[in-house]
1. List the residues, sorted by chain then number, that are 5 or more residues from Gly49 or on another chain and whose placed amide H is less than 5 Å from its amide H.
2. Counting other Cβ atoms within 10 Å of each Cβ, which trypsin sites (Lys or Arg not before Pro) in the stretch 28-59 have at most 15 and sit in a DSSP loop?
3. For Met77, Met82, what's the largest-to-smallest order of accessible area, 1.4 Å probe?
4. Taking the Cα of Gln81, stepping 7 Å toward and past its beta carbon, and measuring to each backbone N in the stretch 17-52: which are under 14 Å?
5. What length, rounded to one decimal in nm, is gained on full extension from Gln107 through to Asp61, with 0.36 nm per residue of separation minus their alpha-carbon distance?
6. Hey, could you get me the Stokes-Einstein D for the chain, Kirkwood radius over alpha-carbon pairs, 10 °C and 1.306 mPa s, rounded to whole µm² s⁻¹?
7. Counting only pairs 8 or more residues apart or on different chains, how many lysine pairs in the chain have their Cα atoms under 24 Å apart?
8. Sort 15-22, 69-76 for me by packing, meaning the mean count of neighbouring Cβ atoms within 10 Å per residue, highest on top.
Amino acid sequence: QVQLVESGGGLVQPGGSLRLSCAASGFTFSRYYMRWYRQAPGKQRELVGTISSSGSTNYADSVKGRFTISRDNAKNMVYLQMNSLKPEDTAVYYCNAQLPAKAYWGQGTQVTVSS
């Protein structure tokens, strides 16, 4: 079955960096767009960015220039490199795959940006 497993979250100081990973299985990973979302306490889940099957990307304005999404189709992995982190980046970060039948989500990984 389809599984998405995120890792790499943690506590980081403002201005710091983190790299999130998402391991995908159970579907033909290389064919599909992958997305990262985040949900801060008391807020709706929001799209952080998207990477196409060929590797082109787009990002929310709030993270543009600071975050980078990449993928390794040989390893069925998608990554979110987060630089210049701000307290407002604090959220649970989710990996998403929109397959024809349904959308799949990972369990999420907590990112906390605080001094």
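The values are calculated or read from the model by the stated rules, or taken from the named source; none is laboratory data. These figures come from a predicted structure and were not determined experimentally. Cβ coordinates were reconstructed from backbone atoms using ideal geometry, including for glycine residues, and neighbour counts include every protein chain displayed. In case anyone asks, the SASA skips ligands and DNA or RNA and just uses the protein heavy atoms, side chains included. Shrake-Rupley method; radii C 1.70, N 1.55, O 1.52, S 1.80 Å.
1. Under 5 Å from the amide H of Gly49 lie the amide H atoms of Trp36, Ala60, each far enough along the sequence or on another chain.
2. Numbers: sites: Arg31, Arg35, Arg38, Lys43, Arg45; in loops: Lys43, Arg45.
Taking the stretch 28-59 and a limit of 15 other Cβ atoms within 10 Å, the loop trypsin sites (Lys or Arg not before Pro) found are Lys43, Arg45.
3. Largest accessible area first, the list is Met77, Met82.
4. Within reach of a label on Gln81: 17-21.
5. On the way: separation 46, 0.36 × 46 = 16.56 nm, distance 2.47 nm.
Result for the pair: 14.1 nm of gain on full extension.
6. Values: Rh = 14.0 Å.
In µm²/s, the coefficient rounds to 113.
7. Numbers: Lys43/Lys64; Lys43/Lys86; Lys43/Lys102; Lys64/Lys86; Lys75/Lys102.
Lysine pairs satisfying the spacing and distance rule in the chain number 5.
8. Values: 15-22: 17.0, 69-76: 15.1.
Sorting 15-22, 69-76 by mean packing, highest first, produces 15-22, 69-76.
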